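**Q** Shown below is the structure under consideration.
The values are calculated or read from the model by the stated rules, or taken from the named source; none is laboratory data. Fair warning: this is a prediction, and the values are worked out from it, not measured in the lab. Note that we place each Cβ from the backbone using ideal geometry, even for glycine, and neighbour counts take in every protein chain shown. Just so you know, the surface numbers come from the protein's heavy atoms only, side chains and all, with ligands and any DNA or RNA stripped out. Shrake-Rupley method; radii C 1.70, N 1.55, O 1.52, S 1.80 Å.
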Amino acid sequence: MSLPTSQKPARFHYAWVVVAITFLTLIVGAGVRSVPGVLIVPLEHEFGWTRATVSFAVSINLLLYGLIGPFAAGFINLYGPRRVMLLAFTLVAAGVAATSLVMHQSWQLVVLWGVLVGSGTGLTALVLGATVVHRWFHVHRGTIMGMLTASTATGQLLFLPLLARVIEKHGWRSATLLIVGVLLAMLPLIFFFMRDRPAGAVRPFGLSPDEPMATPAPAGNPFSEALAGLRLGMRSRDFWLLAGSFFICGASTNGLIGTHLIPACMDHGIPEVTAAGLLAVMGIFDLIGTTASGWLSDRFSNRWLLFMYYGLRGSSLLFLPSAFQPETHRLSLFAVFYGLDWIATVPPTVALTAQAFGREKVGIMFGWIVASHQVGAALAAWGAGFIRTNEGAYDHAFLISGSLCVLTAAGVLMIGRKRDKDAAANSLPLPSGAMAASTSD
């Protein structure tokens, strides 16, 4: 007699299809977000805008990308990842296409690239990956989260060198239209293959047949849920520590290096294609480093992992001003060293967020933490452009960011300490959804 469908050993789990579609979505989203790095100088040359003017539009994009994250988590809970992903890429495609076809004034850059593209990419922020992982996987969550996080590096790896060459040969408008084509090609993949959550005989990957499936919490108003999450976070010391560390993470990665490394290289006579290749090298090593970080976050103390990551990142940024010498290999060494640590902070931060607030709230709470990340990114994107406009160099921006990373390395060791002490003193378990092993925090 054949086994019931729910008891048959599955040779292939649909969770891997969902992860693949999510991975591709995050790759393309990362490709879109990497575009400003290769557009700043061409826009300066064509329209006569200052570095600070273009950086302001980029900062609005980064800010909205982050601030929409908590509300995106609520919309994902209410409407499902599939519908939200389709809506997001439609908005982004419209904004990028309009930037190429109708933009002539700096305020249009702010509206189209800053507001529309920033909002669309915000709907597919890292909260999408966190939600998919915790819905579809019962085991290996840190490793899968590391892979999804690394997709941002992969997107940079795939798109930046190609976009730089297209701009060099055909102009920046051709590069933006290429991005539009990729966005539109993703829509049918999402429509036909993406699924919102396990259902029927399909169980989360790694969940044994005798274990009960988690009952989804009823979805409420996305805005009310997001604001309730913010109120919960503001009463938590761990939230402030996580959000503060991620603020510095954003200021030292996509806000500073992701936006301004290519223009900084060009200031020192390094061609744009070569500079884009450096970011691609970072993408290769970040793919390795962030995937490894996810694996490590399942096995070692996440606090100490963050301590190591922020310390190494700060050291590399302090080294960067002395690396802009075309005749040496210092900049290549920076690209490798910094790339390994680019966004390796995400898997440990997601794990600590889940421990502090529970698995069901991880999407919204991590959404607010990502919002803090993007506030830092936005300030760094504008601030570095302001420093460059007024001083003619980026050195002080790199040194300030590196120093803040070193200070943050000490602060992250306090995450979860008070909660652990209170639980031990009162003989209480950690909050719902926390990992059983205290060594993993």
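**Q** Sort out for me the Cα centre separation of the stretch 96-127 from the stretch 225-279, rounded to whole Å.
**A** Answer, in whole Å: 19.
**Q** Between Ala228 and Arg173, what is 0.36 nm times their sequence separation minus the Cα-Cα distance? Round to one decimal in nm.
**A** Here the segment from Ala228 to Arg173 would lengthen by 15.6 nm.
**Q** Also: State whether the stretch 1-141 is rounded, prolate or oblate according to the following rule on the C-alpha gyration tensor (a ≥ b ≥ c being the square roots of its eigenvalues): a/c under 1.5 gives rounded; otherwise a/b larger than b/c gives prolate, and the remaining case gives oblate.
**A** Since a/c reaches 1.5 and a/b is larger than b/c, the shape of the stretch 1-141 is classed as prolate.
**Q** While we're on this one: Would you calculate the separation in nanometres between label points at Leu162 and Arg235, each defined as 7 Å from the Cα along the Cα-to-beta-carbon direction?
**A** Rounded to a tenth, the inter-label distance reads 4.8 nm.
**Q** Then there is this: So what is the accessible area of the chain per residue, in Å², with the probe set to 1.4 Å?
**A** For the chain, the per-residue accessible area is 41 Å².
**Q** Now for a different question. For Ala292 and Ser106 in one chain, what is 0.36 nm times their gap in residues minus the Cα-Cα distance, to one decimal in nm?
**A** Difference between extended and current length: 62.8 nm.
**Q** In degrees, nearest 10, range 0 to 90: what is the angle between the Cα axis of helix 172-193 and the longest Cα principal axis of the chain?
**A** 10 degrees
**Q** While we're here: Against the longest alpha carbon principal axis of the chain, how many degrees, from 0 to 90 and to the nearest 10, is the axis of helix 330-339 turned?
**A** Taking the Cα atoms of the chain, the angle to 330-339 is about 20 degrees.
**Q** Here is a further query. How many times 2.2 N^0.38 Å is the alpha carbon radius of gyration of the chain?
**A** Scaled against compact globular proteins, the figure is 0.96.
**Q** Turning to a different aspect of this structure: Magnitude of the Cβ-charge dipole of the chain, K/R +1 and D/E -1, about the Cα centre, nearest 20 debye?
**A** Charge dipole of the chain: 980 debye, to the nearest 20.
**Q** Between Ala410 and Asn390, with labels modelled 7 Å along Cα→Cβ, what's the label distance in nm to one decimal, could you check?
**A** Each label point lies 7 Å from its Cα, and together they span 2.7 nm.
**Q** Here's a follow-up. Expressed as a whole number of Å, what is the distance separating the alpha-carbon centroids of the stretch 324-383 and the stretch 157-183?
**A** About 25 Å separates the Cα centre of the stretch 157-183 from the one of the stretch 324-383.
**Q** To the nearest 10 degrees, how steep is helix 222-234 against the longest Cα principal axis of the chain, on a 0 to 90 scale?
**A** Roughly 90 degrees, rounded to the nearest 10.
**Q** For the chain, what is the relative contact order in percent, using Cα pairs closer than 8 Å and at least 6 residues apart in sequence?
**A** Worked out over the chain, it gives 26 percent.
**Q** Most fluctuating residue of Leu64, Leu162, Leu128 in a GNM of the chain with Cα springs under 10 Å: which is it?
**A** Checking each option, the largest mean-square fluctuation is seen for Leu162.
**Q** Follow-up question, since we're still on this one. Can you tell me how much longer the chain between Phe193 and His329 gets when fully stretched, taken as 0.36 nm per residue apart minus their C-alpha distance, in nm with one decimal?
**A** Using 0.36 nm per residue and subtracting the Cα-Cα distance, I get 44.5 nm.
**Q** I'd like the carbon and sulfur percentage of the solvent accessible area for the chain, probe radius 1.4 Å, heavy atoms only, ligands and nucleic acids excluded.
**A** 68 percent
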